[in-house]
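Just below is one structure, and these are the notes that go with it.
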Amino acid sequence: KNTDKRLPAELLLKIRMRNNENRLNDICFGFTIGMDTPIQLAAELVNAGHINPKTANATSQSIQYIIDHYPVCKVTTFKLSEIGLSESEYDEAKLIGYAQLSAT
């Protein structure tokens, strides 16, 4: 049950990240406060083929960050260091080696 008054019953989350073809994808999903957990949700995204298993930990940590800091922070960008790019290939502005999580 949701007892945190700063949080709605459900957050609508969107992850924006590049797929294997290097195209930006938006993955939208709900997070029910008091029922879902960030680890569970990241595992569901992996099982559905939406995110790489190597990025599940970073994804769940970012979901937790949004929950902990909502509504002050509704967007966070996080590095996907587990995907094996060289340091020079990462580009936060273009979301190469990064993903962006937002909540509404």
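Based on DSSP H runs of at least 4 residues, each adding -39500 (n - 2.57), what is the mean residue ellipticity at 222 nm of the chain after dividing by all its residues, to the nearest 500 deg cm²/dmol?
Per the formula, -7000 deg cm²/dmol.
Could you tell me how far the Cα centroid of the stretch 51-104 sits from the Cα centroid of the stretch 1-42, in Å? Spelled out, the Cα-based centre of one part sits 12 Å from the other.
Note on Tyr70 and Leu24: their simple-model spin labels are 2.3 nm apart, each label 7 Å out from Cα toward Cβ.
Run the Debye formula on the Cα coordinates of the chain, all scatterers equal and no solvent, and tell me log10 I(q)/I(0) at q = 0.09, 0.13, 0.22, 0.24 1/Å. Cα-only, vacuum Debye calculation for the chain: -0.22, -0.45, -1.18, -1.37.
Assuming charge only on the beta carbon of Lys and Arg (+1) and of Asp and Glu (-1), the dipole of the stretch 1-98 about its Cα centre is about 280 debye to the nearest 20.
Toward the positive end of the charge dipole of the chain, with +1 on the Cβ of Lys and Arg and -1 on the Cβ of Asp and Glu, the farthest Cα among Thr55, Cys28, Ser88 is that of Cys28. Cross-link partners of Lys54 among lysines, defined as those whose alpha carbon lies under 27 angstrom from its own and excluding same-chain residues fewer than eight positions apart: Lys14, Lys74, Lys79, Lys94.
For Lys94, Lys14, what's the largest-to-smallest order of accessible area, 1.4 Å probe? Can you show the working numbers first?
On the way: Lys94 120, Lys14 70 Å².
Sorted descending by solvent-accessible area, the residues read Lys94, Lys14.
Relative to the first principal axis of the alpha-carbon coordinates of the chain, what is the inclination of helix 38-47, with its axis defined by its Cα atoms, in degrees from 0 to 90 and to the nearest 10? Its long axis makes an angle of about 50 degrees. Could you tell me how many degrees, from 0 to 90 and to the nearest 10, lie between the Cα long axis of helix 56-69 and the main elongation axis, the longest principal axis, of the Cα atoms of the chain? The answer is roughly 40 degrees.
The values are calculated or read from the model by the stated rules, or taken from the named source; none is laboratory data. Because the structure is predicted, anything quoted here is derived from the model rather than measured. For neighbour counting, all protein chains shown are included, and Cβ atoms are generated from backbone atoms with ideal geometry for every residue, glycine included. All accessible areas refer to the heavy atoms of the entire protein, side chains included, with ligands and DNA or RNA removed. Shrake-Rupley method; radii C 1.70, N 1.55, O 1.52, S 1.80 Å.
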